[in-house]
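Take a look at the structure set out below.
The values are calculated or read from the model by the stated rules, or taken from the named source; none is laboratory data. What you are looking at is a predicted structure, and each value in this text was computed from that prediction instead of being measured. Glycine gets a Cβ as well: all are built from the backbone with ideal geometry, and neighbour counts include every protein chain shown.
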Amino acid sequence: MADPIDFYFDFASPYGYFASLRIDELARAHGCRVTWHPILLGAIFKVTGMKPNLEQPLRGEYLSHDVGRIARLIGAPFTLPDSAPVNGVAASRAFYWLADDQPEQAKALARALYHAHFAEGRDIGPADTVAEIAVQALAGAVGDRAAVLAALGNPTVKDRLRAETEQAVARGVFGSPFVLVGNEPFWGWDRLDMVDRWLSNGGW
């Protein structure tokens, strides 16, 4: 059986957005199971000493150019939001609220949140916005806006996001997107072709 794929991403990452558009299709092509893991790069940067790309001289300017170029290359709708880099805490908590009992709904919500942020340019940082998107995208699966907001404040959900981020660090994750095929690490949207080749050949 093929190794499972773990897909780590931060909702603030445009490269994570691009990877989210392809990762499941790539996994299906190889008969793999893929598990999505939203994480908080802010917590990881405390370990690595880095800071968001957009806040770095030269690198930030390059990213602003690069993400538009990638979007044109792959035909993805894209707008660099004024709120970038967004705080992804509420979005990530919403995902983990659903992840165990409704994993496909959790993925659908992640896609909807990514689309709202990077295709429509919306600020998905506020909990109210996350709740609105969840209700719109998942209809009756999440209840009403009040139910979503209550879930975002649930201590168990908060602890889950914290634990997932800590586990990511323990596994060597330091950026977004970050893909682990079994224990083989691949960092970056531009490594998905390498992931594809690795799965095709059984490594090299």
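In table form, for the structure just shown:
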{"item": "Inter-residue pairs, beta-carbon under 9 Å, first surrounded by 24 or more Cβ atoms within 10 Å (Cβ to Cβ) and in the range 1-16, second basic (Lys, Arg) and not in a helix (DSSP H, G or I), 6+ apart", "result": "Tyr8/Arg171"}
{"item": "Residues located in the range 85-120, provided they are closer than 13 Å to Ala12 by Cβ, among the aliphatic types (A, V, I, L, M) and surrounded by fewer than 21 Cβ atoms within 10 Å (Cβ to Cβ)", "result": "Val89"}
{"item": "Per-region count, the range 171-198, residues over 17 Å from Ile44 (Cα atoms), outside any helix (DSSP H, G or I) and not polar (S, T, N, Q)", "result": "3"}
{"item": "Selection from the range 122-158 of residues that are in a loop (DSSP other than H, G, I, E, B) and either on the phi > 0 side of the Ramachandran plot or buried (at least 16 other Cβ atoms within 10 Å of the Cβ) (or both)", "result": "Arg122, Ile124, Gly125, Val142, Gly143"}
{"item": "Selection count, the range 17-36, where residues are surrounded by fewer than 23 Cβ atoms within 10 Å (Cβ to Cβ), touching a Ser or Thr at 6+ places or on another chain (Cβ under 9 Å) and within 18 Å of Leu109 (Cβ to Cβ)", "result": "1"}
{"item": "Count of the range 72-101 residues which are part of a helix (DSSP H, G or I) and among the polar types (S, T, N, Q)", "result": "1"}
{"item": "Residue that is modelled with the highest pLDDT [pool: residues in the range 172-183 that are loosely packed, with under 14 Cβ neighbours inside 10 Å and either over 16 Å from Gly31 (Cβ atoms) or within 17 Å of the chain's Cα centre (by Cα) (or both)]", "result": "Gly172"}
{"item": "Test: Ala131 is within 30 Å of Gly75 (Cα to Cα) and either aromatic (Phe, Trp, Tyr) or under 17 Å from the mean Cα position of the chain (by Cα) (or both)", "result": "no"}
{"item": "In the range 10-69, the residues that are within 19 Å of Val89 (Cβ to Cβ), over 17 Å from the mean Cα position of the chain (by Cα) and in a loop (DSSP other than H, G, I, E, B)", "result": "Met50, Lys51"}
{"item": "Hey, Val135 in contact with a helix residue (DSSP H, G or I) (Cβ under 9 Å, 6 or more places away or on another chain), of a type in the set (Val, Ile, Thr) and over 23 Å from Ala43 (Cα atoms) or not", "result": "yes"}
{"item": "Any hit, the range 155-171, residues being touching a strand residue (DSSP E or B) at 6+ places or on another chain (Cβ under 9 Å), modelled with pLDDT of 95 or more and more than 20 Å from Leu98 (Cα to Cα)", "result": "yes"}
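Let's see how each residue does on (1) without any contact (Cβ under 8 Å) to a residue 60 or more places away in the chain; (2) of a type outside the set (D, E, K, R); (3) under 19 Å from His37 (Cα atoms):
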residue: Val86; (1), (2), (3): no, yes, yes
residue: Trp97; (1), (2), (3): no, yes, yes
residue: Ala108; (1), (2), (3): yes, yes, yes
residue: Arg111; (1), (2), (3): no, no, yes
residue: His115; (1), (2), (3): yes, yes, yes
residue: Thr156; (1), (2), (3): yes, yes, yes
residue: Val173; (1), (2), (3): no, yes, yes
